[in-house]
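I have placed the structure first, in the form of structure tokens, so that the comments after it can refer back to it.
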Amino acid sequence: MMKMVCSICLSPVREEATVLRCGHGFHATCILTWLRYRITCPLCRRPVAVVPDLAASRQIALDAFGLMIVLIVCLNMYIILLLYLCWVLERRAVSVRYVLNDEQQWILLEKIR
Ligand SMILES: [Zn+2]
Ligand SMILES: [Zn+2]
């Protein structure tokens, strides 16, 4: 690999270089900081089609985190729905226990026992 100078911090880049598609190399930390603000090469301004692995994995981690939040919210709503269903079924079960007595009055079956 030819000797490169990171144009962001102006110090030599050795084997830790992150090379963009256009062939320009930078320190991984330098280019990641840069790519947070713009997705073009700092030297030639060509768009960076392939984001370095670290940035990509961070994006995926962020997406996974968002998905987890959505899942938790959905799960909570599901539990609330389930509790509501239980409540409705409980009420229905109680209302079934009403029966007519000899005086033609609706009374609770539980009171007859
Ligand atoms: Zn640098
Ligand atoms: Zn470039």
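Quick one: if you stick a label point 7 Å off each Cα along the C-beta vector at Asn76 and Arg46, how many nm between them?
4.8 nm
What is the packing order of peptides 65-78, 24-37, 3-16, taking the mean over residues of other C-beta atoms within 10 Å and listing the highest first?
24-37, 3-16, 65-78
Each value in this text was obtained by applying a stated rule to the coordinates, not by laboratory testing. Computed from a predicted model, the values in this text were never measured in an experiment. Positions of Cβ are backbone-derived with ideal geometry, glycine not excepted, and every protein chain shown enters the neighbour counts.
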